[in-house]
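The structure appears right after this line, and notes come after that.
The values are calculated or read from the model by the stated rules, or taken from the named source; none is laboratory data. Keep in mind the model is a prediction, meaning the values are calculated, not measured. Every residue, glycine as well, gets a Cβ built from its backbone with ideal geometry; the counts of neighbours run over all protein chains shown. Surface areas here come from the heavy atoms of the whole protein model, side chains and all, with no ligands, DNA or RNA. Shrake-Rupley method; radii C 1.70, N 1.55, O 1.52, S 1.80 Å.
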Amino acid sequence: MSVQWPIVTLGEVATPIERAEVPVPGTTYRQIGVKLWGEGAYERESIEGSQTKYARLFRTETGDIIVNKIWARNGSVAVTPDSLAGCYGSGEFPMFAPIRNRLEPRWIHWLTKTRAFWSQCDEKSRGTSGKNRIRPERFLEVQIPLPPLAEQRRIVARIEELAAQIHEACSTRKSSTTELEAFWPTVVTDCLTGRHCSGPSNQSAQLLLTLAVQRHRNRDTPKHNNAHPGSPVVLTEGPLPLPQGWVWTTLGSVLTHLVDCVNDTPDFADSDTRLLGLKSTNVKPYELDLREKWFVTANDFNHWNRREKPMSGDVLLTREAPMGQACLLPAGHQVCLTQRLMLLRPDPDTLAPEILLHYLNSPVFHDQVQEVCRGLTVPHIRVKDAPSFAFPLPPKDKQRRIVAELDALQAEVDALKRLQSETAAELDALLPSVLDKAFKGEL
């Protein structure tokens, strides 16, 4: 059952305080800032006395309530911790000292993390001049529940005990996610280099390349297509050892198309034309991210696709900003590629698209890219380098096995990530629930 505590204004239990100092040239001042939504105070970059525009700076001490005038309405209120004692704020950060025989600083610390407190700050900021800044006298009108000092301390101790448990659970979840993310590239590398697929094959990778020569030796290749399946390259060695029956070849040898985009940006249409102009930001590892869409006119669509029109199953690769991210183009989209993107189409008789996708998102590829890009002012994948990257080609039966194993593992990883996401949402809701109970006297 809720306890009925007295409700008081902050002005009854805290007083404005100014520890003013005139900035001295040659003296360095640590600066304090206040994060939004009850996230607490933090140390900003220090400033030298001659560099500040303020005639006075104000020193804060442990336990002070510090307010960001502009953003108090968005929860930018905090209590100064020991680590930030002695920092300075400008007049935009008014400070208040709790009356210690009535208000425990940790009590107000936790109150500043509640929606009810933010709402009052928002209400007290409205209608004031200067972009809804909260005036100090209005901040002191904010009302808070005030149990006896001993009860404040008991409840604060309980809040901090539960908060520590929630923090530990969140840290464990984040650690698990980090381990998963670190685990995946290693597994992909092992699969792509045959560590999980030993044993004899029905057909060698060398034969796949020989058959490709027969299929493509007479084909006419446009100048913008950098693939060369009709003249594959077999490397005597590669970055890692491969099992018998596998072969190190080059990226250009296993593709029918390796086409750079038209390196210009179209004038995007103002309405939905159903013709998408993809940017490098749309391409994430293993995912075409269409949360943001840009549309092009029919004329621009044809113009930007003059080198090659992307097809379902093609692999899209970012050359820079960001560099080296790849996804499959799913069915149902009409797209053209704008700047910093490349289209890769595997020879279906030589290579499964999924193997190419895993390769482009793996350290097997990325390590080579980083080596080639070393020394470039702006790291990027150069078109002239792309066909020559070493590619570990498995026999066809091994490709099917690799795809099946990685698909199964990816499904397990995705399921675990969904569970972790659900758990994270539950954990994120726990602390507000704890605080709500605490300040209703139910804790």
| remark: Env charge @ R158, Cβ radius under 14 Å, K,R +1 / D,E -1, value -1
| Between V378 and R274, how many nm apart are label points set 7 Å from Cα along the C-beta direction? | 3.6
| Which of the peptides 377-387, 253-263 is most tightly packed, and how do the rest follow, judged by the mean count of other Cβ atoms within 10 Å per residue? | 253-263, 377-387
| task | Report the trypsin sites (Lys or Arg not before Pro) located in region 123-225 that are in a DSSP loop and have at most 15 other Cβ atoms inside 10 Å of their Cβ, or state none. | result | R126, R195, R217, R219, K223
| remark: Result for the chain: accessible area per residue, probe 1.4 angstrom, in square angstrom, of 50
| query | Taking Cα pairs under 8 Å and at least six residues apart, what relative contact order does the chain come out at, in percent? | reply | 15
| said: Can you tally the net charge around P346? Count Lys and Arg as +1, Asp and Glu as -1, for every other residue whose Cβ sits under 13 Å from the Cβ of P346. | reply: -2
| said: For a test of the definition: using alpha carbon positions, the gyration tensor, and the 1.5 limit on a/c, classify region 1-155 as rounded, prolate or oblate. | reply: prolate
| said: For the chain, what does the helix formula give at 222 nm: sum of -39500 (n - 2.57) over DSSP H segments with n ≥ 4, over the residue count, nearest 500 deg cm²/dmol? | reply: -11500 deg cm²/dmol
| note | The answer for the net charge of residues other than T210 whose Cβ lies under 12 angstrom from its Cβ, with Lys and Arg +1 and Asp and Glu -1, is +1
| query | Shape of region 274-327 from its Cα gyration tensor (a ≥ b ≥ c, root eigenvalues): rounded if a/c is under 1.5, otherwise prolate when a/b > b/c, or oblate? | reply | prolate
| Ordered by residue, what ³J(HN,Hα) values in Hz, to whole numbers, does region 272-277 give under the Karplus form 6.51 cos²θ - 1.76 cosθ + 1.60, where θ = phi - 60° and Gly and Pro are x? | 6, 9, 6, 10, 8, x
| remark: Amide H neighbours of F295 at under 5 Å, excluding residues fewer than 5 places away on the same chain, with H built from the backbone geometry, are A269, G277
| query | Ignoring any ligand, DNA or RNA, what whole percent of the accessible area of the chain comes from carbon and sulfur when the probe is 1.4 angstrom? | reply | 50
| Is region 148-294 rounded, prolate or oblate when judged by the Cα gyration tensor, a ≥ b ≥ c being the square roots of its eigenvalues, rounded requiring a/c under 1.5 and prolate requiring a/b larger than b/c? | oblate
